1. Work out the P(r) tail for the chain: percent of alpha carbon pairs separated by more than 18 Å, whole number.
2. Restricting to Cα pairs below 8 Å that are 6+ residues apart, what does the relative contact order work out to for the chain? Please round to a whole percent.
3. At 222 nm, what value in deg cm²/dmol follows for the chain if DSSP H runs of at least 4 each add -39500 (n - 2.57) and the sum is divided by all its residues, to the nearest 500?
4. I'd like the Karplus ³J(HN,Hα) series for region 41-47: coefficients 6.51, -1.76, 1.60, θ = phi - 60°, whole numbers in Hz, and an x wherever there's a Gly or Pro.
5. Run the simple label-point estimate for A16 and L72 please: 7 Å along Cα→C-beta, distance reported in nm.
6. Let's test the formula: R0 of 22 Å, r as the Cβ-Cβ distance of K39 and N60. What FRET efficiency results, to the nearest 0.05?
7. Can you give me the angle between helix 6-38 and the longest principal axis of the chain, using Cα atoms only, in degrees from 0 to 90, rounded to the nearest 10?
Amino acid sequence: MPANDPSVNELIYSLAQESIGFASTLQSEAEKMLDTIRKPNVTMEDIMRASSSVEKTLENIISSEILSTEKLRTALEMSKAGENLQ
């Protein structure tokens, strides 16, 4: 598979798009926490609830990033293997 193989390029592009989505989600979670702690009369329970939600989201993103890293590694290996065949 050549280095410029469309399927490898598409996979890398989709992984980049996914990372952009993760960044957007992280920004939203940061804003959620800021909104919570800036509320007048915010309670510890409010902060803990928001924190728990953010923590779950971060765990999901981390899991997805690990999977994305493996996909990228595979795509790069495929690309290198294709170069070696030429």
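1. Beyond 18 Å sits 57 percent of the P(r) for the chain.
2. For the chain, the relative contact order is 64 percent.
3. For the chain, the value works out to -32000 deg cm²/dmol.
4. Here the 3J(HN,Hα) series is 6, 5, 9, 4, 4, 4, 5 Hz.
5. Result for the modelled spin labels: 1.2 nm.
6. Working from the Cβ atoms, E equals 0.30.
7. Tilt relative to the chain: about 10 degrees.
Here, each number is a calculation from the coordinates, and none is a lab measurement. Only a predicted model underlies this, so the values are computations on that prediction, with no experimental measurement involved. All Cβ positions, even for glycine, are placed from backbone atoms using ideal geometry, and neighbour counts span all protein chains on display.
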